[in-house]
Amino acid sequence: MEWTRLMVLDLAPGEVYAHACGECEWIVLPLSGGCEVRCRALPSPASPAFEARGPGPSPRSGPEVFRLHGRARVFDGASDFAYLPRDAHAEITSENGGRFALAGARCETRLPARYGPAGKVPVELRGAGHCSRQVNNFAAAGPDGFDCDRLIAVEVLTPGGNWSSYPPHKHDEHHPGEESRLEEIYYFEIAPHGDTPGLGYQRVAPSPAGKTDILTEVRTGDAVLIPDGWHGPSMAAPGHDMYYLNVMAGPGATREWLIRDHPDHGWIRGSWDGQDVDPRLPFSRTEDHR
């Protein structure tokens with residue numbers, strides 16, 4: 001992938017992970033458990049494309065420390081998170097252990113390291129009926145979203161038996177005001193049913209601008225890379241709630257999420273009028289811990 005990055009860390013209690021941000025901005029997002037993130041800025045790169053925005057820490061200052069409360073599991077509500085700027089170095093430590101996603105995007109601008117409280121994550125219910133899903137817009141694009149240079153990241157939670165990322169849509173061409181060029185990564189966690197591990201399915205179909213063609217079973221820990229193509233549906237098997245983390249970035253001068261629905265399936269949006277949102281939504285929300 002040219003623009004998007006994703007790492008998932010399974011940390012043992014007390015384990016320390018050292019992370020060099022390099023040319024990317026990153027968000028540390030707890031999937032299960034809490035952690036401490038220590039971030040220290042490095043000297044600005046000698047690059048004409050580099051630009052700093054915001055105060056940011058001095059290379060000689062001490063590290064900024066963010067204590068993330070996290071959550072027990074991804075279905076327990078939105079989590080707090082930490083933003084790491086490009087050209088910084090971070091250490092992530094979990095006292096009790098846990099699993100943590102690092103969602104990243106190659107970028108030019110250095111923003112200040114920041115803390116994102118769970119209580120300020122916008123939670124949206126999308127669709128209706130069997131297309132109902134919940135979106136935690138923790139780093140969505142837009143004037144009210146969390147400020148990043150290129151990174152766009154959200155969480156989608158789909159009750160078992162429902163379809164999300166539907167109707168199929170794409171964002172692999174640049175059309176001002178209509179469609180933005182964005183790569184995307186889907187990272188999945190699927191709830192078990194008793195002792196039975198969870199599973200779901202993901203479809204990506206070729207588009208006029210791309211050749212990606214996938215229909216794959218997904219389980220906890222799987223990721224699907226989408227450089228192009230119509231993507232959707234994401235299908236949650238009955239009895240198995242589905243979670244996925246969407247990580248997006250692209251070359252556009254403006255950070256925005258503009259999509260085109262597949263012409264054969266866009267009509268489904270109109271069918272939601274008069275339907276109720278699935279009563280299993282929303283999933284519980286984490287309190288704001290500072």
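The values are calculated or read from the model by the stated rules, or taken from the named source; none is laboratory data. Remember, predicted model here, so these are calculated numbers, not experimental data. Positions of Cβ are backbone-derived with ideal geometry, glycine not excepted, and every protein chain shown enters the neighbour counts. Accessible surface is based on the protein model in full, side chains and every heavy atom, while ligands, DNA and RNA are left aside. Shrake-Rupley method; radii C 1.70, N 1.55, O 1.52, S 1.80 Å.
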Determine the per residue accessible area of the chain with all protein chains present and a 1.4 angstrom probe, expressed in square angstrom.
44
Mean Cα-pair separation over length for the chain, i.e. relative contact order, pairs under 8 Å, 6 or more apart, %
22
Once amide H atoms are built 1.01 Å from N in the peptide plane, which residues 5 or more positions from PHE138, or in another chain, come under 5 Å H to H?
GLU155
How much solvent-accessible surface does ASP261 expose, in Å² to the nearest 10, with a 1.4 Å probe and all protein chains in place?
50
Just reorder GLU183, GLU256, GLU178 by solvent-accessible area, largest first, 1.4 Å probe, all chains present.
GLU178, GLU256, GLU183
Can you put ARG40, ARG5, ARG86 in order of accessible area, largest first, using a 1.4 Å probe?
ARG40, ARG5, ARG86
Can you give the accessible area of HIS89, probe radius 1.4 Å, in Å² rounded to 10?
70
How large, in percent, is the carbon and sulfur part of the accessible surface of the chain at a probe radius of 1.4 Å?
52
To the nearest 20 Debye, how big is the dipole of the chain about its Cα centre, given +1 on the beta carbon of each Lys and Arg and -1 on that of each Asp and Glu?
500
Which value, in Å² rounded to 10, gives the accessible area of LEU215 with a 1.4 Å probe and all protein chains present?
120
